[in-house]
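Colleague: This is the structure I have questions about; it appears just below.
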Amino acid sequence: MGGIVGCFARDGCFERLFSALNRLEYRGYDSAGIALLSGEGAFSVRKKKGGVAAIAGEPLAGSVGIGHTRWATHGAPSDVNAHPHLCGKFALVHNGVVENDAALRAELAAAGERFLSETDSELIVHLIARAYAGDFFAAVSAACARIEGSYAVAVLCADHPDTIVCARRGSPLVAGAGGGALYVCSDIPALCGSAAYICPAEEGEFVVIRAGEIGFFRADGSPVPGKVFTRVRGAARPHAVGAKTHMEAEIAEVPAALAGTLASLKEADLSACRAPFRAARRVLAVGCGTAYHAALSFCGLLAAEGVPSLCRPASEAAALAAGEGDVLVAVSQSGETADTLAAARAARARGAFLLAVTNVEQSSLASLAQAALFLRAGPEVAVAATKSYNCQLLCLYFLAARLLAARSTAPAWEQSLAALPALARRAFDSFSAVSALAAAWQDARGMYFLGRGQDAVTAREGALKVKEIAYIFAEGLPAGELKHGPLALVEEGFPVALICTSRALIRKCATAAAEVSARGGRVALFSQYGEALAIPAAFRIRLPAAPEPLMPALAVIPLPHLACRLALLRGHDPDRPRNLAKSVTVE
Ligand code: M6R
């Protein structure tokens, strides 16, 4: 998995590839590589284990090239497993997973092919080389027909030094033009700042850059009619300023991001949703990781208002059996997460109404959906989702309110949505106390995050952040579950973050805190209520107050800050946690 880029530019081809790879790094940073082709058909290749910075240096010469940044699936991160992979006259970069890898490897090995890497991607370049009889496009097309699984590939051929042949199935690919260059790339944000115009390739399409022109083709080589390039929308990925990490910068942007979401919601057109909302037999929601937590919160809110709703991680969406009469809300910051796209495609194919909640307007998810709400949170670069979660919650609160209005009456709390940016800013008042908490907990080997009702979801989100970037085992649990097993791990000094934003649940939270304290555990309480003083706690973090159904968007704010402080105190880079990637484009 990872990100691919291809570029044709008479000037600065290497530099353009390098800068696009820098912007693609959120898709993986296990290794990086670039290959350029000279006019005489000679390859220059630089590929190395590590992030894109590892291949910095003297620019390679050539005006046609391909590049890759990798998140390892088949084979460890290493120089040799880094893309591009070469075979005979061909060089290839690949994003995706070859599912019939074992069968192809055996077949090719039996035919005498020898492999340098452990990757599934290298098999594709061997298939191309074997299929080649002078027609570059036909060889790539024949090789793609042999692949089961997903791919976006960009291929160079020494016999055609002015050409890049690319193809996609299951992994995204977009063509771009501008600034004297032509591009293909795994996604649009990586082209922001380089290409002025873009045109996504659809499933099964091929993109060919040849002699300074770009075209779209079907597998049989016939041109795809009606492809239109549109102006790139969205800002270039920013770089964190000064000593700040992207994650710290993005947490600080939460209020501004929420204001962006509010503005986006004012323009939102949900006219296509009215009838499906009114008639929906069930409202279903899916997402992955943090986006799944936002989806869970949404379904919890609807369930509390009496609307039948169900939520699953997108990778488990089959259990929902979404179909005719259902509304499926698919939540994804990037709009490119493979599990979410698969769930969305399957639901649409079975007749469900699909609504996307995403930050990327030209994403695959947005184009698949019948209606969409856009976060307009600005680019999120750090692997950990922060501001996008608050904005997803705001979109989903809005959606829940519109859905309830379509079915009966709008909820009173809808009026308070506009106050969320200012309230979020007030949540920052807790940060010095949270930093002190991180200093006290930095040596912990494990911790719990507890909450009841909607706070159980916030607890899960806090635990995910701590695992992901501080590498501390953390579990988010409904507080009532503690006594059914997890309490066994609580001993002297064991850290427990307890979130309590529901007045009706203060007593029950007090019981959970007492159970922890009695075993020597150290409770940090997160609440907006003075009455929560009844809850025994070693640390108290005061939250700003909003109507209770909206509290998850505020209660979560100190938790990424806690995780980020823990990561920094333990010497980890919060922006690039090990083993992970920002956008997970394989199922
Ligand atoms: O782009 P998406 O929202 O679809 O990404 C989903 C998850 O991969 C993502 O939220 C992940 O869990 C975050 N790194 C968590 O901080």
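Colleague: Report the residues of the range 355-382 in range of a label on K244: point 7 Å along Cα→C-beta, backbone N strictly under 17 Å from it.
Modeller: Only 377-382 fall inside the zone, counting backbone N under 17 Å.
Colleague: Report the net charge of residues surrounding G530, where surrounding means a beta-carbon distance below 12 angstrom and charges are Lys +1, Arg +1, Asp -1, Glu -1.
Modeller: Working: positive: R503, R540, R542; negative: E531.
Result for the neighbourhood of G530: +2.
Colleague: Moving on. Can you put K244, K465, K47, K227 in order, fewest other beta carbons within 10 Å first? Provide the component values of the computation, followed by the final result.
Modeller: Values: K244 12, K465 29, K47 24, K227 16.
Exposure proxy ranking, most exposed first: K244, K227, K47, K465.
Colleague: Hey, any idea what Rg/Rh is for the range 467-536, computing Rh the Kirkwood way over Cα pairs? Can you show the working numbers first?
Modeller: Numbers: Rg = 12.1 Å, Rh = 12.6 Å.
Over the Cα atoms of the range 467-536, Rg/Rh equals 0.96.
Colleague: Sticking with this structure for a sec: Where does each of 420-432, 515-527 land if you order them by average Cβ count within 10 Å, highest first?
Modeller: The most tightly packed comes first, giving 515-527, 420-432.
Colleague: Between D443 and E305, what is the label-to-label distance in nm when each label sits 7 Å out along the Cα-to-Cβ direction?
Modeller: For D443 paired with E305, the spin-label model returns 4.9 nm.
Colleague: Out of A459, T290, A330, whose Cα points farthest toward the positive end of the dipole of the chain (charges: +1 Lys, Arg; -1 Asp, Glu; placed on Cβ)?
Modeller: Working it through, the farthest residue towards the positive pole turns out to be A459.
Colleague: When E122, E113 are ordered from fewest to most other Cβ atoms inside 10 Å of their Cβ, what list results? Display every interim value, and only then the final one.
Modeller: Values: E122 28, E113 17.
With the sparsest Cβ surroundings first, the list reads E113, E122.
Colleague: Name the lysines eligible as straight-distance cross-link partners of K244: C-alpha to C-alpha under 23 Å, and not fewer than 8 places from it in the same chain.
Modeller: K387, K465, K467, K582
Colleague: Just add up the charged neighbours of F206: K/R +1, D/E -1, any other residue whose Cβ is under 12 Å from the Cβ of F206. Write down the numbers at each step before the final one.
Modeller: Details: positive: R168, R169, R210, R218, K227; negative: E202, E203, E205, D220.
Net charge in that neighbourhood comes out at +1.
Colleague: Taking the Cα centre of the range 80-235 as the origin and placing charges on Cβ (Lys, Arg +1; Asp, Glu -1), which of A154, A110, V232 is farthest toward the positive end of the dipole?
Modeller: Ranked along the dipole, the leading option is V232.
Colleague: Suppose every Lys and Arg Cβ carries +1 and every Asp and Glu Cβ carries -1, with no other charges. What dipole size does the range 78-221 come out with about its Cα centre, to the nearest 20 debye? Present the calculation step by step, with values, prior to reporting the outcome.
Modeller: Details: 9 positive and 18 negative charges, 42 e Å.
My answer is approximately 200 debye.
Colleague: Further question on the same structure: Using a 10 Å cut-off on Cβ atoms, rank the peptides 323-334, 54-65 from the highest mean neighbour count down.
Modeller: On the way: 323-334: 24.7, 54-65: 18.3.
Top of the packing list down: 323-334, 54-65.
Colleague: Shifting gears a bit: In whole percent, what relative contact order does the chain give with Cα contacts below 8 Å and a gap of six or more residues?
Modeller: Values: 1415 pairs, mean separation 66.1, N = 587.
Taking the mean separation of contacting Cα pairs over the length of the chain, I get 11 percent.
Colleague: Taking the alpha-carbon centroid of each part, what is the distance from the range 335-372 to the range 29-49 in angstrom?
Modeller: Their Cα centres are 34 Å away from one another.
Colleague: Let me ask something else. Can you divide the C-alpha Rg of the range 59-183 by 2.2 N^0.38 Å and report the result to two decimal places? Walk me through the numbers on the way to the answer.
Modeller: Values: Rg = 14.1 Å, N = 125, 2.2 N^0.38 = 13.8 Å.
The range 59-183 yields a ratio of 1.02.
Colleague: Continuing with this model, one more query. How many angstrom lie between the Cα centre of the range 195-222 and the Cα centre of the range 421-449?
Modeller: First find each Cα centre; the distance between them is then 48 Å.
Colleague: Once you charge only the Cβ atoms, +1 for Lys and Arg and -1 for Asp and Glu, what is the size of the charge dipole of the chain about its Cα centre, to the nearest 20 debye?
Modeller: Values: 56 positive and 53 negative charges, 261 e Å.
Roughly 1260 debye, rounded to the nearest 20.
Colleague: Follow-up question, since we're still on this one. For the pair R425 and K227, how long in nm is the line joining their label points, each one 7 Å along Cα→Cβ?
Modeller: Rounded to a tenth, the inter-label distance reads 4.6 nm.
Colleague: Another question, then. Give me the percent of Cα-Cα pairs in the chain that sit more than 40 Å apart, rounded to a whole number.
Modeller: Details: 50767 of 171991 pairs.
Looking at the chain, the distances longer than 40 Å represent 30 percent of pairs.
Colleague: Taking the Cα centre as origin and putting +1 on Lys and Arg beta-carbons and -1 on Asp and Glu beta-carbons, what dipole magnitude results for the range 394-497, to the nearest 20 debye?
Modeller: Working: 10 positive and 10 negative charges, 85 e Å.
For the range 394-497, the charge dipole is close to 400 debye.
Colleague: A further question follows. Roughly what would the spin-label model give for E99 and A133, points 7 Å off Cα along C-beta, in nm?
Modeller: Once both label points are built, they end up 3.1 nm from each other.
Colleague: Between the alpha-carbon centers of the range 268-317 and the range 508-587, tell me the distance in whole angstrom.
Modeller: Value for the Cα centre distance between the two parts: 25 Å.
Colleague: Shape of the range 263-376 from its Cα gyration tensor (a ≥ b ≥ c, root eigenvalues): rounded if a/c is under 1.5, otherwise prolate when a/b > b/c, or oblate? Before the final figure, lay out the partial values.
Modeller: Working: a/c = 1.25, a/b = 1.09, b/c = 1.15.
The shape class here is rounded.
Colleague: Which one, A143, I469, A563, is farthest towards the positive end of the dipole of the chain when Lys and Arg carry +1 and Asp and Glu -1 on their Cβ?
Modeller: A563
Colleague: Additional query: Sorted by packing (mean other beta-carbon atoms within 10 Å per residue), highest first, where do 273-284, 168-179 land? Could the numbers behind the result be given before it?
Modeller: Values: 273-284: 17.5, 168-179: 23.1.
Highest mean packing first, the order is 168-179, 273-284.
Every read-out reported here was derived from the displayed coordinates using simple, explicitly stated rules and does not represent laboratory data. All of these numbers come straight from a predicted model, not from anything done at the bench. Cβ coordinates were reconstructed from backbone atoms using ideal geometry, including for glycine residues, and neighbour counts include every protein chain displayed.
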